[in-house]
Amino acid sequence: MNRRLFLRYLQQSPLLALAAELGGQPARKALSSPKDALDIFDFLPLAEKNVQSQHWAYLMGGADDDGTVRANENAYSQWQIRARRQVEVDAIDTSVTLFGQKHAYPIWVAPAAAHQAFHAEGEVATARGAAARKAQMILSTNASLHVREVAPAFGGPLWYQLYTQAEFEVSKRLVGAAEQAGCTVLAITVDSATTSNRVTANRGGMKTEARCRACHGLTQADYYKEHGMYEGIDPALAKPGGRAVTWTLVERLRATTKMKIVIKGIMTAEDAANCLRNGADGIIVSNHGGRSENSLQGTLEALPEIVETINGRIPVMIDGGVRRGTDVFKALALGASAVGIGRPYIWGLSAFGAAGVERVLELIQTEFAITMKLAGKQAARHISPLDVRRRNI
Ligand SMILES: Cc1cc2nc3c(=O)[nH]c(=O)nc-3n(C[C@H](O)[C@H](O)[C@H](O)COP(=O)(O)O)c2cc1C
């Protein structure tokens, strides 16, 4: 495997940098059981060992020089938590309600393509791990498995992420299949108007024909054949995606479904205002984990202007760079209703399948509950901007 990528990741992690600053060099060895993980980063060595190097580069990389991947993580270290004392916190309520459904924690599993690139059981394992921790899962359009196969493993209503397709009929069919499988929320991803410049992934071999052809094809039609969600869809309809998702298109889709419509990939107040004007039911502040534009703007930095614009009228969620329970707390303090976890649960999946996903979520949930208690919060819904302050260097 490409050790350089892993080492670069470690060097660039603000948390590990802090540990080094404090004089303790973290020694992380491949885990033998998910229970041994003390934090989510403990999954990295085994995950990397288990995954093909091309797939690892695809997972870890972002756009250009990965600057926005780092910006997402670094944004959290710019905020501090205001500790509060002498509050009764033996029993706290970590739950939040989204679209009328109560969630045990404000933490969901972000949509990511092709889980079978990381574990043979793919999205079924992810669904089992998420269900074990009562975490909402959003299934990607580009999942390895069909929503019909994943829904029973999750055992409750999934949310479905949509990449709109060049042919409207294909989008409509995907949405219909999701709704039929019980999905209640449709997250339409709008941050991929063109193919982004994935240097790390490509350098790691994502587009090296010989290597890739050994296990899968490279054309759009091959992609349709190999990704479960496109089952039954004529590969002749496969045309390169990567185009703007207009509001006209969102309207046409809305007319085909009763699912709530959430727009994923918003980074500015202007686009948030457009979401409101056009009747979106929710927003996910996201830059695709630093994989779309290399803006160097962390999602947490974009959150305040969006929260101000939305002013409580619809839920504003966020993903990108969330690695600790303290990060979840900070996002909620700055106005998010819930947060998504991306790469870290795939580290868990790659290392141990469902049990790894479960443990990653358990660690972040536990850290979040501890953070709430030490900030004197009895309920997640009480977390407010007064609970954080900007770092003052
Ligand atoms: C390997 C990988 C695949 C992804 N695939 C999708 C996808 O199919 N659809 C989508 O909307 N977002 C996708 N994303 C973006 C995630 O949903 C999420 O926005 C991002 O991973 C959050 O950042 P984090 O990884 O730093 O937690 C993907 C991200 C990764 C790392």
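The values are calculated or read from the model by the stated rules, or taken from the named source; none is laboratory data. Keep in mind it's a predicted model, so treat the numbers as computed, not measured. Using ideal geometry, Cβ is built from the backbone for each residue, glycine included, and neighbour counts are taken over all protein chains shown. Protein only, heavy atoms only, side chains kept; ligands, DNA and RNA dropped before computing areas. Shrake-Rupley method; radii C 1.70, N 1.55, O 1.52, S 1.80 Å.
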Within the stretch 18-40, take every residue that is modelled with pLDDT of 95 or more and either of a type in the set (Ser, Thr, Tyr) or assigned to a loop (DSSP other than H, G, I, E, B) (or both) and give me the one that is most open to solvent (accessible area, probe 1.4 Å).
Leu38
Inspect the stretch 303-323 for any residue being of a type in the set (D, E, K, R) and within 30 Å of Ser144 (Cα to Cα) and give the result as yes or no.
yes
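State all residues of the stretch 283-303 that are at negative phi and either more than 18 Å from the chain's Cα centre (by Cα) or not in a helix (DSSP H, G or I) (or both); if no residue qualifies, say none. Walk me through how you get there before you give the answer.
The first filter runs over the stretch 283-303 and keeps only residues at negative phi, leaving 283-287, 291-295, 297-303.
Ile283, Ile284, Val285, Ser286, Asn287, Arg291, Ser292, Glu293, Asn294, Ser295, Gln297, Gly298 - these are the residues of the stretch 283-303 that are at negative phi and either more than 18 Å from the chain's Cα centre (by Cα) or not in a helix (DSSP H, G or I) (or both).
Applying the selection to the stretch 317-364, what residues are part of a loop (DSSP other than H, G, I, E, B) and of a type outside the set (Ser, Thr, Tyr)?
Result: Gly320, Gly321, Val322, Arg323, Arg324, Leu334, Gly335, Ala336, Gly342, Gly353.
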Take the residues of the stretch 337-350 that are open to solvent by 10 Å² or more (accessible area, probe 1.4 Å) and within 15 Å of the ligand (Cβ to nearest atom): which is farthest from Ala302 (Cα to Cα)?
Arg343
The listed residue being over 25 Å from Ala177 (Cβ atoms), open to solvent by less than 50 Å² (accessible area, probe 1.4 Å), within 16 Å of the ligand (Cβ to nearest atom) and among the β-branched types (Val, Ile, Thr), out of Ile284, Ile266
Ile266
List the residue pairs whose Cβ atoms are under 7 Å apart, where the first residue sits in the stretch 44-57 and is farther than 10 Å from Ala30 by Cα, the second is polar (S, T, N, Q) and open to solvent by 20 Å² or more (accessible area, probe 1.4 Å), and the two are 6 or more positions apart or on different chains.
Ser53/Asn2; Trp56/Asn2; Ala57/Asn2
Regarding Arg85, is this residue more than 12 Å from the ligand (Cβ to nearest atom), at pLDDT 95 or above and either closer than 17 Å to Gly348 by Cα or open to solvent by 20 Å² or more (accessible area, probe 1.4 Å) (or both)?
yes
Please give the strands (runs of 3 or more DSSP E) falling wholly within the stretch 99-202 in which 3 or more residues are open to solvent by less than 40 Å² (accessible area, probe 1.4 Å) and within 16 Å of the ligand (Cβ to nearest atom).
107-109, 159-162, 185-189
Would you be able to say whether some residue in the stretch 243-259 is closer than 30 Å to Trp56 by Cα, in contact with a Phe, Trp or Tyr (Cβ under 6 Å, 6 or more places away or on another chain) and part of a loop (DSSP other than H, G, I, E, B)?
no
Contacts under 6 angstrom Cβ, first residue in the stretch 377-393 being among the polar types (S, T, N, Q), partner loosely packed, with under 12 Cβ neighbours inside 10 Å and assigned to a helix (DSSP H, G or I), 6 or more apart:
none
Keeping to the stretch 316-332, report how many residues are without any contact (Cβ under 8 Å) to a residue 60 or more places away in the chain and surrounded by fewer than 24 Cβ atoms within 10 Å (Cβ to Cβ).
1
Enumeration of residues in the stretch 299-311 that are touching a residue at least 40 places away in the same chain (Cβ under 8 Å) and closer than 20 Å to Val262 by Cα
Thr299, Leu300, Ile306, Thr309
